[in-house]
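**Student:** Structure in structure tokens, see below.
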Amino acid sequence: MMDLIHQALIRNGLLTGFIVVGALIGISYVLSARLTRGRLHGSAIAIFGGLLLAYVGGRFSGGKSGIADLPAFAGIGLLGGAMLRDFSIVATAYGASFDDLKKSGLPVVLSLFAGVTVSFICGVGVAFAFGYRDPVSLTTIGAGAVTYIVGPVTGAALGASSEVMALSIAAGLVKAILVMIVTPLIAKAIGLDNPHTAMIYGGTLGTNSGVSAGLAATDPKLVPYGVMAATFYTGLGCFLAPSVLFLATRWLFPG
Amino acid sequence: MIIYGVALLAFCALLGLVVGDTLGLLLGVKANVGGVGFSMILLLVLTDALTKRGGFKPVSASGVIFWSGMYIPIVVAMAAQQNVVGALKGGPLAFLAGSIGVVFSFALVPVIARIGRGKREGGS
């Protein structure tokens, strides 16, 4: 009987995903109302719950895709995968104000360059503090601090060691997860309550999953503005890190 | 019909992603540059134009609104498949490299936002 249910869950993975996520969100909203009197948004708790599930799943399966590596929960992989994520993010733009988007053009470009450069410098600084001296490793870890896609793309282009690549990806993951958790907590302090600031936020933090989840947990109305800016961040990082930023790093630390 | 909205949304999403991939290729960058952003602009422009001509009825719009509402559940599912174990395995180096940048980036947000707002008030 148990086996029969298990098989049904696996065969109808996407439906299982709907139920798991629906239940998780339901529990989170109850917790939000009872324990925090609504101060911590239900979706913020749900996203944190998702990360906990990812940890448990990763521990049990030894894989890289969190809970989605367990066969019964593979549908969550489809539900939260790149295809449906992009599809629904685009849908959030429906009803957004085109004028608000146009007004913030120049500051957003500034925030993109500032965000990539600042994250990169911090990553290089930490790598240096931990004893790395060769420019390729420093650049790869710095690029990982930009996003977990910029890291391995840069490392592959420069020929970094696999140990450094793994560290670089881990740094990017830490960033994404931290942005998801911290954004709703400090939204007020950084004035994140309007489309303009949301775009600057998206351009400065830039990690797609972090920004999209962080804004969802803060105010869903701001999602399209932040994501619109963030969508250029990883591309810019992949462009700057192996070129200008690598040359600058090599000039500072000839190795 | 609902499918019109869903189909239009899928068309915009796909076309934007193709544009982003093409831009990445042209720039010699191994990543999608601005794909979702282009998709969003396309959706805004097309729904606006169609609504003005009466070709995008509320029923069609509900196909878009449904997927917009599915956004948070999808993000929760995305969180549930992050490599959290991998992030923790990176140890203190990965944690510090990832988090110090986040602290500085957050601190930059109000600074840059103020620059933009000051300019806007001066300009208009």
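The values are calculated or read from the model by the stated rules, or taken from the named source; none is laboratory data. Everything numeric here is computed off the predicted structure, so don't read it as measured data. Ideal geometry is used to build each Cβ from the backbone, glycine not excepted, and the neighbour counts take in all protein chains shown.
**Student:** Check every one of the helices (runs of 4 or more DSSP H) wholly within region A:51-106 and list those with 2 or more residues that are modelled with pLDDT of 90 or more.
**Tutor:** A:74-79, A:82-92
**Student:** Mind listing whichever residues of region A:134-153 are surrounded by 24 or more Cβ atoms within 10 Å (Cβ to Cβ), touching a residue at least 40 places away in the same chain (Cβ under 8 Å) and of a type outside the set (A, V, I, L, M, F, W, C)?
**Tutor:** A:Thr139, A:Gly142, A:Thr147, A:Tyr148
**Student:** Sort out which residues of region A:6-42 are over 18 Å from A:Gly80 (Cβ atoms) and crowded, with 17+ Cβ neighbours inside 10 Å, and write them in order of number.
**Tutor:** A:Ser32, A:Leu40, A:His41
**Student:** What single numbered condition from (1) of a type outside the set (Ser, Thr, Tyr); (2) under 30 Å from A:Val20 (Cβ atoms); (3) without any contact (Cβ under 8 Å) to a residue 24 or more places away in the chain; (4) outside the structural domain of A:Ile10 (by TED's automatic domain parsing) fails to hold for A:Gly131?
**Tutor:** (2)
**Student:** Filter region B:58-116 down to the residues that are touching a Ser or Thr at 6+ places or on another chain (Cβ under 9 Å), surrounded by fewer than 19 Cβ atoms within 10 Å (Cβ to Cβ) and modelled with pLDDT under 90 and list them by number.
**Tutor:** Of everything in region B:58-116, just one residue is touching a Ser or Thr at 6+ places or on another chain (Cβ under 9 Å), surrounded by fewer than 19 Cβ atoms within 10 Å (Cβ to Cβ) and modelled with pLDDT under 90, namely B:Gly69.
**Student:** Here is a list of conditions, (1) in contact (Cβ under 8 Å) with a residue 60 or more places away in the chain; (2) aromatic (Phe, Trp, Tyr); (3) more than 7 Å from chain A (Cβ to nearest Cβ), and B:Phe38 meets all of them except one; can you say which number that is?
**Tutor:** Every listed condition holds for B:Phe38 apart from (1).
**Student:** On the given criteria, is A:Leu40 in contact (Cβ under 8 Å) with a residue 60 or more places away in the chain, within 21 Å of the chain's Cα centre (by Cα) and not in a helix (DSSP H, G or I)?
**Tutor:** Numbers: in contact (Cβ under 8 Å) with a residue 60 or more places away in the chain: yes; within 21 Å of the chain's Cα centre (by Cα): yes; not in a helix (DSSP H, G or I): yes.
Taking the combined requirement at face value, the residue satisfies it.
**Student:** Could you pull out every one of the helices (runs of 4 or more DSSP H) wholly within region A:154-255 that has 2 or more residues that are buried (at least 24 other Cβ atoms within 10 Å of the Cβ) and in contact with a Ser or Thr (Cβ under 8 Å, 6 or more places away or on another chain)?
**Tutor:** A:162-186, A:195-205, A:208-218, A:223-230, A:233-240
**Student:** Report, ordered by the first and then the second residue, all pairs with beta carbons closer than 7 Å, sequence separation of six or more or different chains, a first member in region A:49-65 that is closer than 18 Å to A:Ile25 by Cβ, and a second member that is part of a helix (DSSP H, G or I) and hydroxyl-bearing (Ser, Thr, Tyr).
**Tutor:** Listed pairs, sorted by first residue: A:Gly49/A:Ser28.
**Student:** I'm trying to understand the selection: among the residues of region B:9-27, which are modelled with pLDDT of 90 or more and over 17 Å from the mean Cα position of the chain (by Cα)? Break it down stepwise before answering.
**Tutor:** First, pick out the residues of region B:9-27 that are modelled with pLDDT of 90 or more: B:9-19, B:22.
Within region B:9-27, B:Thr22 is the sole residue that qualifies.
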